[in-house]
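Single-structure report; data block below.
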Amino acid sequence: MTKVTIQTSCANSPKREFLKDFNVAFGTGDTAFIIANVTDDIHWQILGDKIIDGIEDFQKNIQDMTSTTKVTEITIDQVISHGKEGAVNGLITLQNGEQYAFADFYLFKNTKSTLIQSITSYVIQVK
């Protein structure tokens, strides 16, 4: 079971709460939730690693990630949202003990939607 630690309160903002839930879904391997909350034309750039375009490529990569990478702990330090944009940063610990700091920047379909159209991720291994 994945330990989840949230360092910030998101209760007063529906988009912040959604971004928290979206990141927890990554940590717990909830691929159905992740895939259901992105647009068909999703664009995900993991800087220094790869670019994922479209829902089919996204779905394949998410399923590959969750089947090969076991997260034992996720800590969310900050969640920010304003209009069409949002950001989350924190730390994940894998089953093998490796730790990665992350910062994800989100662009929503529009200001009222929680469907994610674009993600830019920065991931750094912590030694």
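The values are calculated or read from the model by the stated rules, or taken from the named source; none is laboratory data. Keep in mind the model is a prediction, meaning the values are calculated, not measured. Please note: Cβ atoms are built from the backbone with ideal geometry, for glycine as well, and neighbour counts cover all protein chains shown.
Annotations for the structure displayed:
- Of all residues in the range 1-36 being acidic (Asp, Glu) and part of a helix (DSSP H, G or I), the one that is surrounded by the most Cβ atoms within 10 Å (Cβ to Cβ): GLU17
- Contacts under 8 angstrom Cβ, first residue in the range 107-127 being more than 16 Å from LYS50 (Cβ to Cβ) and at pLDDT 95 or above, partner basic (Lys, Arg) and not in a loop (DSSP other than H, G, I, E, B), 6 or more apart: PHE108/LYS15
- ILE51 meets the conditions (1) of a type in the set (A, V, I, L, M, F, W, C); (2) modelled with pLDDT of 95 or more; (3) over 18 Å from VAL123 (Cβ atoms) in every case but one. The failed one is (3).
- Filter pass, ASP64 being over 12 Å from the mean Cα position of the chain (by Cα) and either part of a loop (DSSP other than H, G, I, E, B) or modelled with pLDDT of 95 or more (or both): no
- The range 67-92, subset polar (S, T, N, Q) and in a strand (DSSP E or B), residue surrounded by the fewest Cβ atoms within 10 Å (Cβ to Cβ): GLN78
- Leading residue by the ranking (surrounded by the fewest Cβ atoms within 10 Å (Cβ to Cβ)) among those in the range 37-58 that are in contact with a Phe, Trp or Tyr (Cβ under 8 Å, 6 or more places away or on another chain) and of a type in the set (Val, Ile, Thr): ILE51
- In a residue-by-residue description of the range 93-102, the property of being surrounded by fewer than 16 Cβ atoms within 10 Å (Cβ to Cβ), of a type in the set (Asp, Glu) and part of a loop (DSSP other than H, G, I, E, B) applies to at least one position.
- On inspection, THR39 fails the criterion of being more than 14 Å from the chain's Cα centre (by Cα), outside any loop (DSSP other than H, G, I, E, B) and within 19 Å of ILE6 (Cβ to Cβ).
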